[in-house]
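What follows is a single structure, written as structure tokens, with notes after it.
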């Protein structure tokens, strides 16, 4: 029973995929690969299903016209207007220093405020690495351990 259900889902997915491919034929008037294969299987001429715009003759008709050559600007009917491009100095990037991030921040970037620094050895606030009570434990006992 389970295998039949999976098979039905597989067939349904294949039908949806074929429907989407058939939609391509409806919009472009060009047969899909499965249509060409089916025509070859039954010895049918696939050219009857291809729209005229895809033929070589139609393409050559489109490109047989010559494009007019653009002559010198001084011969144009519209007078050439000289204008000066003035750059906006406010949009210039400052090349000095560290580049500024253009990333848009959101609530994921908000971190909790923390005032004190943590000890480098035990990661506890209130003292530093040189005054850590566990310093002798981490570095091993020495003759100078009485000074801490």
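The values are calculated or read from the model by the stated rules, or taken from the named source; none is laboratory data. All values derive from a computational prediction rather than experimental measurement. Methodologically, a virtual Cβ is constructed for each residue, glycine included, from the backbone with ideal geometry; neighbour enumeration extends over all protein chains shown.
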**Every residue from the range 1-29 that is surrounded by 12 or more Cβ atoms within 10 Å (Cβ to Cβ) and either assigned to a helix (DSSP H, G or I) or at pLDDT 70 or above (or both)** = 18, 21, 22, 24, 25, 28
**Request:** Take residue 51 and decide whether it is more than 36 Å from the chain's Cα centre (by Cα) and surrounded by 10 or more Cβ atoms within 10 Å (Cβ to Cβ).
**Result:** no
**Message:** Please pick out the residue among 123, 92, 61 that is surrounded by 10 or more Cβ atoms within 10 Å (Cβ to Cβ) and modelled with pLDDT of 80 or more.
**Reply:** 61
